[in-house]
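Comments concern the structure below.
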């Protein structure tokens with residue numbers, strides 16, 4: 001039995017400018033399925049989302065897509081999903097994905113990926129969940145985000161434990177294995193004046 005039932009993966013609906021992103025998305029889906037870990041993701045059939053789902057499905061993995069109602073019909077939904085859930089809103093989509101997941105991974109992506117991952121970190125900081133969060137750092141893609149978090153820590157806006165709680169690897173299988181053994185930072189105490 002796997003340590004995680006499912007992992008929520010955030011990633012781009014585009015392929016990006018480097019073939020390594022597409023290969024990493026496919027490899028992530030394959031690595032999850034090989035470990036018996038289900039995938040929860042945005043439900044798309046294109047870009048990194050499509051490659052991620054294709055990788056998991058090719059190895060017989062469970063793939064749950066979560067799409068907000070307003071995007072139904074606007075976005076190409078993957079036809080091979082194990083299950084499709086329609087949420088009321090983007091906020092509800094993010095909450096549903098976290099409710100279904102035992103860990104979170106962000107692959108390269110755009111503003112939506114960044115929004116989803118940062119919200120998952122914020123919810124961990126607030127104690128709303130205790131699931132580990134990881135970055136698949138393909139070619140240093142997440143270096144700017146990590147630098148921004150380090151800067152916010154240096155300026156006194158983020159607790160060091162939050163940065164320590166982000167698991168970062170450049171190999172999907174190693175990232176999944178590291179997430180299994182990672183500790184989630186405890187809720188930070190409110191500041192007192």
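Give me the pairs: first residue in the stretch 139-154 and within 15 Å of residue 170 (Cα to Cα), second residue in a helix (DSSP H, G or I) and at pLDDT below 95, beta-carbon distance under 9 Å, and six or more apart or on different chains, which are they?
146/163
For every residue, the table says whether it meets (1) part of a helix (DSSP H, G or I); (2) touching a residue at least 40 places away in the same chain (Cβ under 8 Å); (3) surrounded by 21 or more Cβ atoms within 10 Å (Cβ to Cβ); (4) under 11 Å from the mean Cα position of the chain (by Cα).
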| residue | (1), (2), (3), (4) |
| --- | --- |
| 65 | no, no, yes, no |
| 84 | no, yes, no, no |
| 97 | yes, yes, yes, yes |
| 104 | no, yes, yes, yes |
| 108 | no, yes, yes, yes |
| 113 | yes, yes, no, yes |
| 116 | yes, yes, yes, yes |
| 124 | yes, yes, yes, no |
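Which of the numbered conditions does residue 128 fail, given that it passes all the others? Conditions: (1) farther than 20 Å from residue 50 by Cβ; (2) part of a loop (DSSP other than H, G, I, E, B); (3) without any contact (Cβ under 8 Å) to a residue 40 or more places away in the chain; (4) in contact with a helix residue (DSSP H, G or I) (Cβ under 8 Å, 6 or more places away or on another chain).
(4)
Kindly indicate whether residue 33 is over 16 Å from the mean Cα position of the chain (by Cα), part of a helix (DSSP H, G or I), modelled with pLDDT of 95 or more and within 16 Å of residue 173 (Cβ to Cβ).
For residue 33, the condition - over 16 Å from the mean Cα position of the chain (by Cα), part of a helix (DSSP H, G or I), modelled with pLDDT of 95 or more and within 16 Å of residue 173 (Cβ to Cβ) - is not met.
The values are calculated or read from the model by the stated rules, or taken from the named source; none is laboratory data. A quick note: this is a predicted structure, and the numbers were derived from the prediction, not measured. With ideal geometry, Cβ positions are generated from the backbone for all residues, glycine too; neighbour counts draw on all protein chains shown.
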